[in-house]
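K.L.:
If you scroll down you'll find the structure; I have some questions about it.
The values are calculated or read from the model by the stated rules, or taken from the named source; none is laboratory data. Bear in mind that the values here come from a model prediction, so they are computed numbers and not experimental data. Cβ sites come from the backbone with ideal geometry, for glycine too, and all protein chains shown count toward neighbours. Heads up: the accessible areas ignore ligands, DNA and RNA and are worked out on the full protein's heavy atoms, side chains in. Shrake-Rupley method; radii C 1.70, N 1.55, O 1.52, S 1.80 Å.
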Amino acid sequence: MKSINTWIWAAFALWLSSCSPEAPQYDLIVYGATPAGIIAAVTAADHGARVLLVEPMHVVGGMSTSGLNTGENEHMVDDAITGRARDFYIRLGQLYYDTAYFQTFGNGRNLDFQPGDPAFFFESKHAQALYETMIEEAGVELITEAHLTATTVEESRIQEIELSNGRQFTARYFVDCSYEGDLMAQAGLPYNYGREPVEQYGESLAGLRLIDDTLSARTVDANGALLPYFNRYDTLVPGSGDKRVMNYNFRPIMTEVDSIKVPIYRPERYNAADYDFLADFLAANPETHIWDLIGRYRRGAGKFEFNNQQKALVSLGMFGANEGYTDGDWATRQEIYQLHKDWAQGFLYFLANDPRVPATLQEETRRHGYAKDEFVDNNHFPYYLYVREGRRMLGPQVHTQHDVFRDRQKEASILLGSHWVDSHHVQRIALSDSTFTNEGRIWEIVLLPFEVSYHTITPPKSSVKNLLVPVCASFSHVAFCTYRLESTWMQAGHAAGLAIVQALEKDVAVQDIDIPALQKELIAEGMVIEADSIKVYDDYDWMKGHRRYGHRYKRMYEAYGIELEGL
């Protein structure tokens, strides 16, 4: 009997120790099952870590599973997308696509896709299926439909997180891969959002930018009050900073193929008056086409991505409607989410049905419908709102415009970036009662890959010691506009996953890992981290002499006095 009692007490003591703060439940908790979060979690799990992945939505994959169906390589150097990110796109191609698929649309033909190549264009349903497979294969535990409600920090370490389902979890290390940077913020890290003024980092592209054409449309109501989401010109100073972020929108997947088409339906909260501003414009411009109002990107299988159209009077993006989202609580964000969803669905329904819409435009719209085989449990509408920009950590190094164009080499390099500087508009400015301009656009060409330092994803050394932030990383607004790509974030997630593995093995702060050893491991797993190692590529040959870009495609480098040989 004594031996049995001894066994029972030993088992009870073991159970107590497993529940105590000294024995964390996981080696790593990743918050946000975005593409970066999935890669970070899978990477660490593949190296033996016990990993929990937490996602507020009921699906995983972020924008890659919600209508952003490209690796964004159209404006990147393809060979700079490496490591597990590239492996993901290669596996997509192996599982779902062949050369014939890519011959059905222009961007696909430009890939010259061959078996074994990365599938940089894909379908949301396939990306979601592959991400789910990767999570299962790696043995990562997944919790969905639970958002962060509290974070406990003691002795400069995150000790515990609490979720909206009432559960608490502990881990030795954490990675914040949410688009908003919520774990980072709750852990007390310094951060910024919005736009820095020109003088803060000496960036020529920073701050408020009044560079767009003046457009004609009423900006006030019958009583002379500004229409919703307009700002007054006389309150704004060019080059000044603010707390506004670029516009958000949904990216519906549409089709003209009858067999897979769901007609554009009337949303529950539809109000035609919301589009009076657009109706006025169409009355004055009856020749308007659907592609003048919507970014309409042809994809394979007879599908189109619909996106915010940059040069449109009004489009799927709601300028200014995201105010309050970045630091907002869950209820505030849900209201803003629903506002954008109502706008996007109503916008399409208005174009297809309102009698004020010119017949040609109405017919062009009606030819499209929601793709029946996408988002099948969400009325064929995307899950995620495209949060292009949230918080940005203020880490030991802030990556700026100068690091994109001039100071491209970093001793602690962990990945390469190469996307153009791309900020969608931020706000709509009333110049008078009948004219306005859209403000905040940045669209500058990046020709050379640049290195991203490990120190952009680590908190300051005086801050939390067991957290990495590869999505809402330490970038200025201008530089973040080159970084905010799922293909780039996945590479950052790869680096974060390996860094956590090393920190676990050595029991050190994330700021104190052996960076050369991390770099060696990244290279062994297929990452290219030296910008100048990619010397020969023809990604931008098409721009030479191009009517839109030919005269200016080198201008940022010329401004820095950098000569480009062979480009």
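K.L.:
Against the condition of a type in the set (Val, Ile, Thr) and either open to solvent by 40 Å² or more (accessible area, probe 1.4 Å) or without any contact (Cβ under 8 Å) to a residue 24 or more places away in the chain (or both), how does ILE500 come out, does it pass?
P.N.:
So ILE500 does not fit the description; no.
Let's see how each residue does on (1) open to solvent by less than 10 Å² (accessible area, probe 1.4 Å); (2) over 27 Å from ASP212 (Cβ atoms); (3) within 20 Å of the chain's Cα centre (by Cα):
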| position | (1), (2), (3) |
| --- | --- |
| LYS311 | no, no, no |
| VAL314 | yes, no, no |
| GLY317 | yes, no, yes |
| GLY320 | no, no, yes |
| GLY324 | no, no, yes |
| GLY328 | no, yes, yes |
| HIS340 | yes, no, yes |
| PHE350 | yes, no, no |
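K.L.:
Give the residue that is most open to solvent (accessible area, probe 1.4 Å), with candidates limited to residues of the range 141-193 that are of a type in the set (Asp, Glu) and out of contact with any Gly (no Cβ under 9 Å at 6 or more places or on another chain).
P.N.:
Top of the filtered list is GLU155.
K.L.:
Then there is this: Would you tally the residues in the range 414-436 being part of a strand (DSSP E or B) and of a type outside the set (Gly, Ala, Ser)?
P.N.:
The number of residues fulfilling the criteria is 10.
K.L.:
Answer yes or no as to whether ALA49 is within 27 Å of THR149 (Cβ to Cβ), outside any strand (DSSP E or B) and of a type in the set (Gly, Ala, Ser).
P.N.:
Criteria met by ALA49.
K.L.:
Turning to a different aspect of this structure: Scan ASP276, ASP280 and give me the residue that is open to solvent by 10 Å² or more (accessible area, probe 1.4 Å) and without any contact (Cβ under 8 Å) to a residue 40 or more places away in the chain.
P.N.:
On inspection, the qualifying residue turns out to be ASP276.
K.L.:
Select from the range 376-398 the residues that are among the β-branched types (Val, Ile, Thr) and more than 18 Å from LEU485 (Cβ to Cβ) and list them in ascending order.
P.N.:
VAL376, VAL398
K.L.:
Kindly indicate the residue of the range 281-296 that is out of contact with any helix residue (DSSP H, G or I) (no Cβ under 8 Å at 6 or more places or on another chain) and part of a strand (DSSP E or B) and also nearest to ALA312 (Cα to Cα) among those meeting that condition.
P.N.:
ILE294
K.L.:
Report whether or not ALA301 is in contact with a strand residue (DSSP E or B) (Cβ under 9 Å, 6 or more places away or on another chain) and at pLDDT below 95.
P.N.:
So ALA301 passes the test.
K.L.:
Before we move on, is GLY116 open to solvent by less than 10 Å² (accessible area, probe 1.4 Å), over 20 Å from ALA371 (Cα atoms) and modelled with pLDDT of 95 or more?
P.N.:
So GLY116 fails the test.
K.L.:
Does SER462 count as open to solvent by 10 Å² or more (accessible area, probe 1.4 Å), out of contact with any strand residue (DSSP E or B) (no Cβ under 8 Å at 6 or more places or on another chain) and hydroxyl-bearing (Ser, Thr, Tyr)?
P.N.:
Yes: the conditions hold for SER462.
K.L.:
Sort out which residues of the range 121-138 are in contact (Cβ under 8 Å) with a residue 60 or more places away in the chain and either in contact with a strand residue (DSSP E or B) (Cβ under 8 Å, 6 or more places away or on another chain) or open to solvent by less than 20 Å² (accessible area, probe 1.4 Å) (or both), and write them in order of number.
P.N.:
PHE121, GLU123, SER124, ALA127, TYR131, ILE135, ALA138
Here is a yes/no grid of residues against (1) surrounded by fewer than 18 Cβ atoms within 10 Å (Cβ to Cβ); (2) touching a helix residue (DSSP H, G or I) at 6+ places or on another chain (Cβ under 8 Å); (3) outside any loop (DSSP other than H, G, I, E, B):
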site: ARG356; (1), (2), (3): yes, yes, no
site: LEU361; (1), (2), (3): no, yes, yes
site: ASN378; (1), (2), (3): yes, no, no
site: TYR383; (1), (2), (3): no, yes, no
site: GLY390; (1), (2), (3): no, no, no
site: HIS402; (1), (2), (3): yes, yes, yes
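K.L.:
So, restricting to helices (runs of 4 or more DSSP H) that lie completely within the range 88-202, which ones have at least 1 residues that are in contact with an Asp or Glu (Cβ under 6 Å, 6 or more places away or on another chain) and of a type in the set (Gly, Ala, Ser)?
P.N.:
124-138
K.L.:
For the structure I just gave you, tell me whether ILE211 is open to solvent by less than 50 Å² (accessible area, probe 1.4 Å) and either in contact with a Lys or Arg (Cβ under 6 Å, 6 or more places away or on another chain) or not aromatic (Phe, Trp, Tyr) (or both).
P.N.:
Considered against the rule, which asks whether it is open to solvent by less than 50 Å² (accessible area, probe 1.4 Å) and either in contact with a Lys or Arg (Cβ under 6 Å, 6 or more places away or on another chain) or not aromatic (Phe, Trp, Tyr) (or both), ILE211 comes out as no.
K.L.:
Could I ask something else about it? Kindly evaluate TYR553 against the criterion of being modelled with pLDDT under 95 and within 30 Å of GLY194 (Cβ to Cβ).
P.N.:
Against the criterion (modelled with pLDDT under 95 and within 30 Å of GLY194 (Cβ to Cβ)), TYR553 qualifies.
K.L.:
For the range 217-232, how many residues are crowded, with 16+ Cβ neighbours inside 10 Å and not in a loop (DSSP other than H, G, I, E, B)?
P.N.:
2
K.L.:
Spot the failing condition for TYR537; the list is (1) touching a residue at least 12 places away in the same chain (Cβ under 8 Å); (2) open to solvent by 10 Å² or more (accessible area, probe 1.4 Å); (3) assigned to a helix (DSSP H, G or I), and only one is missed.
P.N.:
Looking at each condition in turn, TYR537 falls short on (3).
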